[in-house]
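The structure appears below as structure tokens.
The values are calculated or read from the model by the stated rules, or taken from the named source; none is laboratory data. These figures come from a predicted structure and were not determined experimentally. Cβ placement follows ideal geometry from the backbone for every residue including glycine, while neighbour counts extend to all protein chains displayed. Surface accessibility is based on the protein's heavy atoms, side chains included, excluding ligands, DNA and RNA. Shrake-Rupley method; radii C 1.70, N 1.55, O 1.52, S 1.80 Å.
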Amino acid sequence: MLSRDEAFARIRLLRSPNVGPVSFRQLMHRFGTAVEALEALPDLAAKGGAKYRAAPRERIETEIAAVRRAGARYLFHDSSDYPPMLAEIESAPPVLTVRGDAGLAAKPCIALVGARNASAAAMRLARDLAAELAGEGFTIVSGLARGIDGAAHRGAMPATVGVIASGIDIAYPPQHAELQEEIAQNGLLLAEQPAGTEPRGSHFPSRNRIIAGLALGTLVVEAAPKSGSLITARLAGEYGREVMAIPGSPLDARSHGCNQLIREGAILIQSAADVIELVSSFGGGMSSRLRSSAQDLFEAEPAAPEAGDEADVTALLTIAPVAVDELIRQSGASAAAVQMALLELELAGRLERHAGGRVSKVA
């Protein structure tokens with residue numbers, strides 16, 4: 001059972017400057033508790049070359065009060081009802097705020113996403129596909145955006161998960177305030193951002209990684225060549241999940257993104273049966289790699305470096321992203337030493353993390 005002090009410390013640790021999902025996980029592994037990790041932050045940042053102050057306690061108290069007013073709760077990475085598929089990705093959020101039935105995210109999930117300015121035919125198709133998949137026992141995950149997202153949520157209700165780019169208490173877009181509340185009441189609503197946070201451009205790619213991470217596969221119904229839906233699909237591919245797309249007319253720009261995905265190797269989908277066949281095993285069961293607990297991912301980190309095992313990776317870093325494995329190889333130090341050096345630089349604001357386990361020096 002998580003103590004109140006440790007729960008508070010976890011929220012405060014994640015809200016502190018330069019602490020993201022990866023560094024949070026490393027700090028928890030290194031120090032065992034968020035309480036001890038918070039105490040160590042100033043010394044770690046000093047080794048990276050900067051002074052450091054953790055998030056103020058008052059700010060966390062205000063956030064917790066807002067979560068309670070919204071009728072939401074916190075879901076921590078080692079909770080039994082943390083979404084198991086999401087736990088498999090490297091950047092899994094250590095803390096989520098949720099409203100609704102968290103058990104929906106433990107069922108086989110399909111992400112269904114697409115254009116905001118979708119055609120009427122595509123929205124009807126998305127709604128019908130979502131309804132059929134929900135009827136077969138799948139949970140439909142989407143991002144509550146206008147167009148395809150909204151149609152997918154409505155078709156699958158109540159077997160749907162809405163992932164939002166704002167705080168759990170902020171309705172966005174405003175036109176979907178009623179739909180968002182319906183999902184919170186009957187399905188599951190997830191947010192990574194602190195309560196009270198208005199959505200910003202940088203929040204949407206973060207939201208998209210959660211959508212892709214929750215699901216066995218991502219299906220794109222209609223999308224332009226440069227759209228958030230394609231980002232979600234490509235993230236799904238990076239996570240080893242299925243990438244699916246509905247083909248469309250080359251005369252409609254809203255189909256160009258899907259056609260491009262298919263050309264790059266996404267599976268062409270024409271019906272819900274195609275989706276079910278793709279994500280099911282030969283024996284008829286789901287080919288899900290569901291895990292019993294998110295804690296496994298946090299326990300898989302390398303051990304803390306021993307005395308005398310130091311790594312100076314600063315000289316190896318540039319503004320061009322490089323794989324951490326390559327830094328370990330070139331530095332000649334242990335993986336644990338390199339990870340600790342990167343953590344110190346990140347806390348000092350001198351390191352940026354990228355998808356695919358890559359890092360770079362802050363420009």
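So the values come out like this:
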{"item": "Breaking point among (1) within 24 Å of residue 117 (Cβ to Cβ); (2) of a type outside the set (Asp, Glu); (3) open to solvent by 50 Å² or more (accessible area, probe 1.4 Å); (4) not in a loop (DSSP other than H, G, I, E, B), for residue 235", "result": "(3)"}
{"item": "Single residue of 213, 228, 240 found to be in contact with a Phe, Trp or Tyr (Cβ under 7 Å, 6 or more places away or on another chain), open to solvent by 10 Å² or more (accessible area, probe 1.4 Å) and closer than 22 Å to residue 86 by Cβ", "result": "228"}
{"item": "Enumerated helices (runs of 4 or more DSSP H) restricted to region 100-189, each holding at least 3 residues that are in contact with a Lys or Arg (Cβ under 7 Å, 6 or more places away or on another chain) and free of Cβ contacts under 8 Å to residues at least 60 places away in the same chain", "result": "148-156"}
{"item": "Residue that is surrounded by the fewest Cβ atoms within 10 Å (Cβ to Cβ) [pool: residues in region 158-176 that are more than 14 Å from the chain's Cα centre (by Cα) and hydrophobic (A, V, I, L, M, F, W, C)]", "result": "171"}
{"item": "Odd one out for residue 189, checked against (1) touching a Leu at 6+ places or on another chain (Cβ under 8 Å); (2) under 27 Å from residue 132 (Cα atoms); (3) open to solvent by less than 10 Å² (accessible area, probe 1.4 Å); (4) not aromatic (Phe, Trp, Tyr)", "result": "(1)"}
{"item": "Of residues in region 309-342 being assigned to a loop (DSSP other than H, G, I, E, B) and at pLDDT 90 or above, the one most open to solvent (accessible area, probe 1.4 Å)", "result": "319"}
{"item": "Residue that is most open to solvent (accessible area, probe 1.4 Å), among those in region 88-106 that are farther than 16 Å from residue 180 by Cβ and not aliphatic (A, V, I, L, M)", "result": "90"}
{"item": "Among (1) touching a residue at least 40 places away in the same chain (Cβ under 8 Å); (2) open to solvent by 40 Å² or more (accessible area, probe 1.4 Å); (3) part of a helix (DSSP H, G or I) - the single one residue 262 does not satisfy", "result": "(1)"}
{"item": "Of residues in region 66-77 being in a loop (DSSP other than H, G, I, E, B) and over 18 Å from residue 19 (Cα atoms), the one most open to solvent (accessible area, probe 1.4 Å)", "result": "71"}
{"item": "Qualifying residues in region 265-283 (those that are of a type in the set (Gly, Ala, Ser) and surrounded by 20 or more Cβ atoms within 10 Å (Cβ to Cβ)) - the one nearest to residue 115 (Cα to Cα)", "result": "266"}
{"item": "Output for region 319-348, where each listed residue is among the small types (Gly, Ala, Ser) and over 22 Å from the mean Cα position of the chain (by Cα)", "result": "320, 331, 332, 333, 334, 335, 336, 337, 341, 348"}
{"item": "Single residue of region 265-284 satisfying the filter (assigned to a loop (DSSP other than H, G, I, E, B) and of a type in the set (Ser, Thr, Tyr)) that is modelled with the lowest pLDDT", "result": "281"}
{"item": "Test: residue 144 is open to solvent by less than 10 Å² (accessible area, probe 1.4 Å), farther than 21 Å from residue 243 by Cβ and under 17 Å from the mean Cα position of the chain (by Cα)", "result": "yes"}
{"item": "Near pairs, Cβ below 7 angstrom, 6+ apart or cross-chain, from region 194-209 (touching a residue at least 24 places away in the same chain (Cβ under 8 Å)) to any residue that is of a type in the set (Phe, Trp, Tyr)", "result": "199/172"}
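Yes/no matrix, rows are residues, columns are (1) closer than 30 Å to residue 225 by Cα; (2) among the aliphatic types (A, V, I, L, M):
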position: 55; (1), (2): no, yes
position: 64; (1), (2): no, yes
position: 69; (1), (2): no, no
position: 74; (1), (2): no, no
position: 77; (1), (2): no, no
position: 81; (1), (2): no, no
position: 87; (1), (2): yes, yes
position: 90; (1), (2): yes, no
position: 105; (1), (2): yes, yes
